1. Amide H neighbours of residue 295 under 5 Å, at least 5 residues apart or on other chains, H built in the peptide plane: list them.
2. Kindly provide the helix-only [θ] at 222 nm of the chain, computed as the sum of -39,500 (n - 2.57) over DSSP H runs of four or more divided by all residues, to the nearest 500 deg cm²/dmol?
3. Cα to Cα, under 19 Å, and not fewer than 8 places away if on the same chain: which lysines meet these conditions relative to residue 280?
4. Between the range 2-69 and the range 258-312, what is the C-alpha centre distance in whole Å?
5. Which number do you get for Rg(Cα) / (2.2 N^0.38 Å) in the range 180-316?
6. Per q in 0.08, 0.09, 0.15, 0.16 1/Å, what log10 I(q)/I(0) does a Debye calculation on the alpha-carbon atoms of the chain return?
7. Using the C-alpha atoms of the range 91-137, what convex hull volume per residue, in cubic angstrom, is computed?
8. Ranked by accessible surface with a 1.4 Å probe, highest first, in what order do 137, 274 come?
Amino acid sequence: MSDSSIAFLFPGQGSQAIGMGKELAEKYPVARQAFDEADEALGYKLSQLCFEGPEDQLRLTEITQPAILTVSVAAARVLAEKGLKPDFVAGHSLGEYSANVVAGTLGFADALRTVRNRGKYMQEAVPVGVGAMSAIIGMELAKVEAICAESAQGEVCELANINSPEQIVISGHTGAVERATQLAGERGAKKAKLLPVSAPFHCSLMKPAQDRLTADLAQLTFAHPAVPVICNVDAAEVNEGDRSRDALIRQVTGSVKWDQSVRLLTEKNVQTFIEVGPGKVLWGLMRQIDRSKTSLYVGDEASLQKTMEQLVARTA
């Protein structure tokens, strides 16, 4: 790999906002085409929900997931048209589907229908109120793991997202997660707070969703990725279609090892990280993980132009 390797990072749920993708779709036919394909694959006007809302619909998991996927693929297509292609791809949770579409592992229409179902399955896996998630800020991983084990008391309390050295999200039964949140606060976390989520994602309570998704993914064709995909569940490089499928299955109940995935990319001499899609959550996490790398984001026309200018300046 050259010294100037580029990784595209794709955001997950929580990055949605009304108006996302609208500028790119208006300005670039390749982006508009992505929205047209999504509308056709899903059988409803996803594009209208992205561009105009309403927010209560855009927030529904089974709409949010294909919406973020579509904006990410649209932005990646615009970058490709401008001659910018990644050496590696990775995506946070849902974003791993965007990564696989851009790597050519999975067809866009198949991915759209799969993530719509993924959202539905995850929502239906646990009755509302039974599970919870909490963000623990400023506490080292080993301490959070110990608190989860102590708080479980026969219930589920697990690491859901290892986002950065500063930020870990836990997931499980409501009582256990509340106990862990309180303990983390008492034992020195800078902040420990319950998150406003509709289900306890990325923990073993999601097993019913994982089983249903396994059946769906078994029906789909997975090609070998054209560029390596760094998968969440192992924080490892994936170069084979079957391994990509397996990683997406295990990811539903497994931890998102984002911090470790980004560190793996830095070990592979990636110098430039570009968040591709709505928002800049991963750009923010990148600044917590390794500020020495170039970190950019592309989700609208202004950020696209800024990113292209910075890349040109770097190679000049």
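The values are calculated or read from the model by the stated rules, or taken from the named source; none is laboratory data. Everything numeric here is computed off the predicted structure, so don't read it as measured data. In this analysis, Cβ positions are derived from the backbone assuming ideal geometry, glycine residues included, and neighbour counts consider all displayed protein chains. Quick note on the areas: whole protein, heavy atoms, side chains included, nothing else; ligands and nucleic acids left out. Shrake-Rupley method; radii C 1.70, N 1.55, O 1.52, S 1.80 Å.
1. When sequence neighbours closer than 5 places are left aside, the close amide H contacts are 273.
2. Values: 14 runs with 159 residues, N = 316.
It lands at -15500 deg cm²/dmol.
3. Those lysines meeting the cut-off are 22, 257, 293, 306.
4. Result: 19 Å between the Cα centres.
5. Values: Rg = 18.1 Å, N = 137, 2.2 N^0.38 = 14.3 Å.
Output field value: 1.27.
6. With one equal scatterer per Cα and no solvent, log10 I(q)/I(0) is -0.33, -0.43, -1.21, -1.36.
7. Residue-normalised Cα hull volume stands at 75 Å³.
8. On the way: 137 45, 274 0 Å².
Descending order: 137, 274.
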